[in-house]
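> Have a look at the structure that comes next, please.
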Amino acid sequence: MPRKQAEPNKMTSPFKYLIIRAINTYAYAVVVSLVPLVICSAFLSETLSSLIVSAVGMFLMFFLTYTAFWGTAERDRNLVLFGHIKEDKYRALRAALYVTVPLAVMTVLAIINTYVPFLPNWFTVVYRVITLPFLFFVTSATSAPSPYSWLLILICGYMPLAAWLGYHNGYNLIRLMDRLIYKQKPREKDKRLR
């Protein structure tokens, strides 16, 4: 039986590219978080430098993820309008959740290791590097066991939240910068067609 041929010039938006985009934004946030870590650790205390690294890393991760998925959603919206793909408003959320599965597994292991040490020391080092944008929370939760150390698992929801919000706003063409910068409504002739 012959295989069904795809329609010529049929545009698609493969899901694997959303996953790659989510991995890239997370990796960029980790790498860029190294800069304030190196600078601050030379001059400030460990707690203060980890707080600054977390503030910079979390802002950067949210900004990069939100922006990347906003642009993807704007393109996907056009593909849906012209019938090239089916509407799926949770694509970005699913992609970000797939990317955070390894982080969630490592976080659960780190939490268990906090209460009952059973992992080698290199695991803690690797885990702190991977979770560099959340360094303050990771250090606080894993250095000394407390009844609230299990709340560290909440860091796994940060990127999916940013991805979902960016995709949702991009799909609906909601620009946060327009709402923050412009005090008055744009004139009628300046409004975009929606």
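> Cα convex hull of segment 49-121: how many Å³ per residue? Walk me through the intermediate numbers first.
Numbers: hull volume 8.2 nm³, N = 73.
Looking at segment 49-121, the number lands at 113 Å³ per residue.
> If you don't mind, another one. Please calculate how many Å² of accessible area segment 11-136 carries per residue, with a 1.4 Å probe and no DNA, RNA or ligand atoms counted.
Details: 6970 Å² over 126 residues.
Computed with neighbouring chains in place, this is 55 Å² per residue.
> Put a dot 7 Å past each Cα toward the Cβ at PHE123 and VAL101; how far apart are the dots in nm?
2.0
> In nanometres, what is the gap between the two model label sites at ALA27 and PHE43, each 7 Å from Cα along Cα-to-Cβ?
3.1
> Along each of its three principal axes, how wide is the spread of alpha-carbon positions in segment 83-179, in whole angstrom units, largest first?
Computed over the Cα atoms, the extents are 54, 30, 22 Å.
> Please give the contour-minus-distance gain from VAL35 to ASN78: 0.36 nm per residue of separation, less the Cα-Cα distance, rounded to one decimal in nm. Could you put the intermediate results ahead of the total?
Details: separation 43, 0.36 × 43 = 15.48 nm, distance 3.81 nm.
Length gained, VAL35 through ASN78: 11.7 nm.
> Same structure, new question: Is any residue of segment 70-89 close enough, with backbone N under 16 Å, to a label point placed 7 angstrom from the Cα of PHE15 along the Cα-Cβ axis, and if so, which?
85-89
> At q = 0.10, 0.16, 0.19, 0.20 Å⁻¹, what log₁₀ I(q)/I(0) does segment 10-150 have when each alpha carbon counts as one equal point scatterer in the Debye sum?
Calculated log10 I(q)/I(0) at the listed q: -0.44, -0.88, -1.09, -1.16.
> Could you work out the relative contact order of segment 1-137? I mean the mean sequence separation of Cα pairs under 8 Å and 6+ apart, divided by the number of residues, in percent.
Working: 98 pairs, mean separation 55.2, N = 137.
Here the relative contact order equals 40 percent.
> From a point 7 Å beyond the Cα of TYR115 in the direction of its Cβ, which residues of segment 132-156 have a backbone N at a distance under 17 Å?
Only 141-154 fall inside the zone, counting backbone N under 17 Å.
The values are calculated or read from the model by the stated rules, or taken from the named source; none is laboratory data. These numbers were taken from a predicted model, which means no experiment stands behind them. Here the Cβ is made from the backbone with ideal geometry for all residues, glycine too, and neighbour counts use every protein chain on show. Ligands, DNA and RNA are excluded from the accessible area calculation, which covers all protein heavy atoms including side chains. Shrake-Rupley method; radii C 1.70, N 1.55, O 1.52, S 1.80 Å.
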